[in-house]
Amino acid sequence: MMFEAGFHESFSLGDRKVGPGEPVLFIAEAGVSHFGDIAIARDLVDLAADAKADVFKTQFFDVEEMIAARASEWRDRLRPRNLTLDQAAEINERCASKGMLFMATAHDPSRIPWLEALDVPAIKVGSGERSNPGFLTELARLGKPMVVSTGMYSASDVAEALRACRAGGCDAVALLHCVTAYPTPDEDVNLGAMDVLGGLFGGPVGYSDHTPDHAAILAAVARGARVIEKHITTLFNVPNAQDWKVSAGPDDLPQLVAAIRRTEKQLGHGRKEVAPSEMAGQAWALKSLVAGRDLPAGHVLAGDDLMAKRPGDGIHPNRIDDVLGMRLKQAIAADEPLAMALLERAE
């Protein structure tokens, strides 16, 4: 697959940065879990903010523009699960007051002006825009960074989407590995595909999760995901809805974000060196050269005279060649540590 050049390794998203060496950007995806109720939407913002999410995200659509008339059941299901532009503006302001960024997915061209009116810091593209490059190019012309979910995509579909973004002038793109199954079975999560995404364009790669718990998210962070998206909700067991099955709520969202931050910390700097917390333990955990039996003064050391035993507060065993053939200045008892001060060169 051809490498799609010309995309930034990292970029700014509002007051955050996305890319190598930056904190994972956590997107709390409310989707349509507000069910068109502004009070529920406010609660979802508060849930995300209390959990220390970076971004609160929802979705904009006109059902007549997004769904054909022959799928009237879907139109009827989604029609009430919408916000007005004024309500979206209120949510945007509420996010800002709590130190969060606000993002939205526009599912049809009629909602692109909403993204402009709200001055969102980035454009989120849902997986459903696979094979719709003209729409991606139109979104890219807004001049914002783009975060593109790739559920149901093949590698060639991803390449097509990247070319569509570039055609609209966007060179700041993050690709999210995603599986559009609610919930996603473990055998289909396929986090290794993140490596394929990174190899296609060199920009930030992340993971949009549709599993019922947090294991895949933490594994994705450990694999280097720079963006994580997770559905959130305050309402579970809702009929004619599916997002709640893969959503974090008040009982687990704060723990999820905290676990991501802990995983980031545990990944560390990547150098193999002695950690500060290991320093004190070296003395008891490592071994020193000790007398294997009682040895008299004047004895010339041979290999079978010495053993390696804890603690490691003396001469380490990797220096045994430095001491073999040297003479003891004084007698040492079995298990006593060897020290350079006790040794002299044999004549």
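In this Cβ point-charge picture (+1 for Lys and Arg, -1 for Asp and Glu), region 93-162 has a dipole of about 240 debye about its Cα centre. The Cα center of region 291-310 and the Cα center of region 189-239 differ in position by 58 Å.
Placing +1 on the Cβ of every Lys and Arg and -1 on the Cβ of every Asp and Glu, with no other charges, gives the chain a dipole of roughly 400 debye about its Cα centre. Mind checking which of S288, G19, T263 is farthest towards the positive end of the chain's charge dipole, using Cβ charges of +1 (Lys, Arg) and -1 (Asp, Glu) about the Cα centre? Farthest towards the positive pole: S288. Rg of the Cα atoms in region 277-345, relative to 2.2 N^0.38 Å, amounts to 1.09.
Can you find, among G224, V147, G168, the residue farthest towards the positive end of the dipole of the chain? Put +1 on the C-beta of Lys and Arg, -1 on that of Asp and Glu. Result: G224, furthest along the dipole toward the positive end.
Dipole magnitude for region 19-132: computed about the Cα centre from +1 point charges on Lys and Arg Cβ and -1 point charges on Asp and Glu Cβ, it is near 260 debye. Here the Gaussian network model covers the chain, with springs between Cα atoms less than 10 Å apart; of E273, E229, E138, E273 fluctuates the most. With the gyration tensor restricted to C-alpha atoms of region 11-267, the semi-axes of the equivalent ellipsoid amount to 24, 22, 19 Å, longest first. Under 14 Å from the Cβ of D213, count the other residues' Cβ atoms, weight Lys and Arg +1, Asp and Glu -1, and hand me the total. After counting each charged neighbour, the total is -2. Normalised Debye scattering of region 145-274 at q = 0.12, 0.14, 0.20, 0.21 Å⁻¹ gives log10 I(q)/I(0) of -0.51, -0.68, -1.16, -1.23, counting only Cα atoms as equal scatterers and leaving out solvent. Extending 7 Å from the Cα toward the beta-carbon at both A89 and S110 defines two label points whose distance is 1.9 nm. Working from Cα pairs under 8 Å separated by at least six residues, relative contact order for the chain is 16 percent. Both radii were evaluated on the Cα set of region 193-347; the Rg over Rh quotient, with Rh as the Kirkwood radius, amounts to 1.39. Computed from the C-beta positions of K309 and Q255 and an R0 of 45 Å, the FRET efficiency is 0.50 to the nearest 0.05.
Before rounding to the nearest 500, sum -39500 (n - 2.57) across all DSSP H runs of length at least 4 in the chain and divide by the residue total; then give [θ] at 222 nm in deg cm²/dmol. Write out the running numbers ahead of the final one.
Numbers: 13 runs with 109 residues, N = 347.
That calculation yields -8500 deg cm²/dmol at 222 nm.
Computing FRET efficiency as 1/(1 + (r/R0)^6) for K265 and D322, where r is the C-beta to C-beta distance and R0 is 51 Å, gives about 0.80.
Dividing the C-alpha radius of gyration of region 239-280 by 2.2 N^0.38 Å, with N its residue count, gives 1.96. Applying 1/(1 + (r/R0)^6) with R0 = 56 Å to the Cβ-Cβ distance of L286 and R77 gives a FRET efficiency near 0.30.
Taking the Cα centre of each part, how many Å lie between region 28-78 and region 118-175? First find each Cα centre; the distance between them is then 20 Å. Choose one answer from D322, D43, D213: the residue with the largest mean-square fluctuation in a GNM of the chain with alpha-carbon springs under 10 Å. Per the Cα network of the chain with a 10 Å cutoff, D322 tops the list.
Every read-out reported here was derived from the displayed coordinates using simple, explicitly stated rules and does not represent laboratory data. Treat the numbers as computed from the prediction; the structure is a model and nothing was measured. FYI the Cβ positions are ideal-geometry reconstructions off the backbone, even for glycines, and counts take in every protein chain you see.
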